[in-house]
1. Between 0 and 90 degrees, rounded to the nearest ten: what's the tilt of helix 283-298 against the longest Cα principal axis of the chain?
2. When only DSSP loop residues count, what trypsin sites (Lys or Arg not before Pro) in the range 43-145 have their Cβ near at most 16 other Cβ atoms within 10 Å?
3. Quick query: amide H of Gly103 versus all other amide H atoms, modeled in the peptide plane; which residues come in under 5 Å with a sequence gap of 5 or more or a different chain?
4. Measure off, as a whole percent, the carbon and sulfur share of the 1.4 Å-probe accessible area of the chain, all protein chains present.
5. Using each residue's phi in the range 244-253, evaluate 6.51 cos²θ - 1.76 cosθ + 1.60 at θ = phi - 60° and report the 3J(HN,Hα) Karplus result to the nearest Hz, with x for Gly and Pro.
6. In whole Hz, what ³J(HN,Hα) sequence does the range 702-708 give by Karplus (6.51, -1.76, 1.60; θ = phi - 60°), x for Gly and Pro?
7. At 0.36 nm per residue, minus the direct Cα-Cα distance, what do Glu146 and Glu263 gain on full extension? Give it in nm, one decimal, please.
8. In whole Å, what are the Cα extents of the range 1-119 along the three principal axes, biggest one first?
Amino acid sequence: MTDGRLAQLAAAYGVATDYWDWQGRHVEVSEQTLVAVLGAMGADAADPAAALAALDLAPWRRMLPPVIVLVAGAAARVDVHVPDGAPVEVRVELEDGGAGHGGRLRQVDNWNPAREVDGARVGEASFAIPGDLPLGYHRLVATSGETTATAPLIITPARLELPGHLARTPGWGTAVQLYSIHSGGSWATGDLSDLSDLAIWTATLDDQGADFVLVNPMHAVALGERMEPSPYLPITRRFTNPMYLRPERVPEWLDLKRGLRKELEQSRKRLAKAAKKSDVVERDAGWAVKRVALEAVHRVERTPAREASYRWFVRENGRSLEDFARWCAIAELHGPDWHAWPEELHDPDGDAVADFAEDHEWRVDFHRWLQWLMAEQLDETQAVARRHGMALGIMHDLAVGVDVGGVDTWRLHRVYAHGVTVGAPPDAYSQTGQNWSQPPWRPDALAAAGYEPFRELVAGVLAHAGGVRIDHVAGLFRLWWVPEGAEATEGTYVRYDHQALVGILCLEAARAGAVVVGEDVGVVEPWTREYLVGRGILGTSILWFERDYAGDGRPLAPEAWRELCLGSVTTHDLPPTLGYLAGDHVRLRERLGFLTRPVEDELAAAREERATWLGVLRDRGLLPADGEASDEDIVIALHEYLAQTPARLRALSLPDAVGDRRTQNQPGSIDEYPNWRVPMTDAKGKRMTVEKLADSRLAARLIDATRG
């Protein structure tokens with residue numbers, strides 16, 4: 001039983017003292033975990049009473065709250081703290097420079113008595129915030145005598161609406177791990193030219209072209225000798241991975257000397273030949289060759305217009321881009337974890353970092369320039385997709401966190417919690433829990449920063465997209481924090497201000513005209529799904545997980561599926577459908593030691609699941625009532641089943657379309673399995689190219705099935 005004062009302190013900081021696990025069991029969190037998690041949030045759990053008292057006084061030590069996030073149409077009030085008896089005025093400065101409601105807000109009754117704070121009497125006054133302020137990032141300004149304070153006032157949409165025909169009829173698209181594919185022009189891994197080709201191919205199909213291509217996160221990773229393979233463990237979510245560039249699409253490529261260009265083209269061909277024979281995605285070899293080419297292009301003089309465009313990009317991205325480029329240049333010399341750098345380089349604002357950047361200006365500029373190229377090619381890819389008829393175009397993926405030694409924890413050190421990492425409690429598919437080795441944002445520090453870090457990364461990913469998938473969207477509500485050195489099972493949940501985070505997400509999506517999909521599978525509180533739907537954010541429905549849990553547990557009838565979701569048969573954390581039907585996911589987890597019950601029991605359950613699905617498909621006339629069905633016919637029938645659901649968006653996983661069987665990622669593993677390094681192949685294990693997709697009979701059948 002948790003000590004009463006400690007429990008109160010935990011509740012005040014949004015730290016759970018108990019929870020219900022995936023099997024419906026009640027679990028009490030240990031005091032050791034609570035103390036560690038509270039410590040990571042800056043709370044002194046050794047003296048809970050004093051910590052509670054300090055927390056209670058914190059608002060009275062500020063004139064205004066750090067930030068106010070509201071929903072459009074909802075009136076609110078703000079409390080202002082000034083010396084007892086002092087007059088105070090509050091006004092709204094709108095984002096466009098105007099004044100809300102003539103400027104000054106109306107004061108309303110507040111009968112709270114003054115309080116003694118740090119030896120002085122402090123009073124509280126309240127002001128009404130009208131409900132008809134426009135959407136946007138505004139500012140509250142409070143003035144009392146010669147003292148002025150400001151706070152961000154963010155007005156967010158009550159609800160996102162689906163764009164175009166998606167508001168009336170379902171749409172469909174493909175899902176792909178872009179690095180896993182290649183084409184005749186690739187540099188060992190899939191790139192943005194390949195993505196453009198995929199978009200054009202699927203968008204221009206007869207009758208009902210695709211509305212989107214969903215891709216893996218393209219966040220930046222450290223560009224050292226060994227590139228981090230997981231797209232979900234970036235150094236920052238604000239900038240992108242130049243591995244996805246196609247050098248030949250850079251205008252300055254044509255200005256290279258002919259001999260050098262020919263030499264680089266020959267290097268690419270040798271690389272492609274070697275990569276084609278490899279059993280894994282050759283990121284490192286591919287980037288080594290591509291980097292030489294890009295460095296050569298970087299040395300080419302730009303035209304005045306191109307130079308002006310580049311300088312504009314640098315100005316627009318400001319300090320964030322500069323810090324990113326400096327981190328990348330330092331990491332080349334000192335490694336990808338800033339904690340291991342010389343002490344004087346730990347502070348991005350310090351003189352040592354500025355001196356380093358000056359001494360290595362070409363290298364710093366190279367990393368700025370790569371981000372400019374990525375922004376250009378991402379824009380071009382999205383424009384191509386929309387121009388060929390896609391309702392959304394490219395749907396990007398936003399990872400849940402970042403690497404502990406990366407750019408974001410370096411430049412936003414105060415916003416992150418230290419001594420803890422993010423993960424997930426045990427569930428049916430990772431029964432020992434997960435530790436993602438990523439530091440979480442501190443909820444209080446994020447609010448103190450006016451949610452600017454969150455706004456910046458959401459705006460960044462939506463700048464080149466018609467949609468965004470939020471990985472582990474429950475993390476906007478609560479995250480599983482695991483103290484350093486503890487097992488994943490020894491963590492607890494920490495609450496976030498979901499109204500603020502979801503609101504800002506909706507505001508940025510509304511400005512971009514984009515769709516938001518929340519990945520809400522796994523252990524998710526039911527009320528969070530209801531809240532997200534109410535704000536117009538689509539959920540994620542995976543066919544294998546959609547069951548009648550309130551009834552007999554059988555597969556949920558397609559007409560009973562929720563409408564506001566992105567539906568698919570499988571996902572990147574499971575084998576492609578052929579592999580799932582064969583029980584590959586069970587054998588893999590058994591080999592890695594991730595099962596908590598005998599493998600025979602798990603395989604028996606998998607066989608029973610397959611038999612159940614065959615019965616369901618036959619009952620609905622999607623498979624013949626008699627005789628054996630081929631694996632291909634079963635996969636087709638499952639996608640036809642998906643097409644019978646009301647899901648507003650339907651996604652076809654590209655590995656399914658070519659007959660691949662191997663999973664991209666096994667949750668809970670790192671190097672035990674080649675996660676995120678599996679090239680896409682056909683059913684015979686032969687590498688599948690983008691060019692061959694258009695001629696694939698299986699792909700054609702599955703596309704027809706998915707779009708209904």
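The values are calculated or read from the model by the stated rules, or taken from the named source; none is laboratory data. Quantities reported herein were computed from a predicted structural model and do not represent experimental measurements. Note that we place each Cβ from the backbone using ideal geometry, even for glycine, and neighbour counts take in every protein chain shown. Calculation scope for accessible area: heavy atoms of the full protein, side chains included, ligands and nucleic acids excluded. Shrake-Rupley method; radii C 1.70, N 1.55, O 1.52, S 1.80 Å.
1. Around 70 degrees separate the two axes.
2. Numbers: sites: Arg61, Arg62, Arg77, Arg91, Arg104, Arg106, Arg115, Arg121, Arg139; in loops: Arg62.
Sites meeting the loop and neighbour criteria: Arg62.
3. Those qualifying (amide H under 5 Å, at least 5 residues apart or on another chain) are Val92.
4. Values: 14810 of 29510 Å².
Carbon with sulfur: 50 percent of the solvent-accessible area.
5. The phi angles translate into 7, 6, 9, x, 5, 7, 6, x, 5, 4 Hz.
6. So the J values, rounded to whole Hz, are 5, 4, 4, 5, 5, 7, x.
7. Numbers: separation 117, 0.36 × 117 = 42.12 nm, distance 6.80 nm.
Taking 0.36 nm per residue and subtracting the Cα distance, the gain is 35.3 nm.
8. Result, largest extent first: 55, 41, 25 Å.
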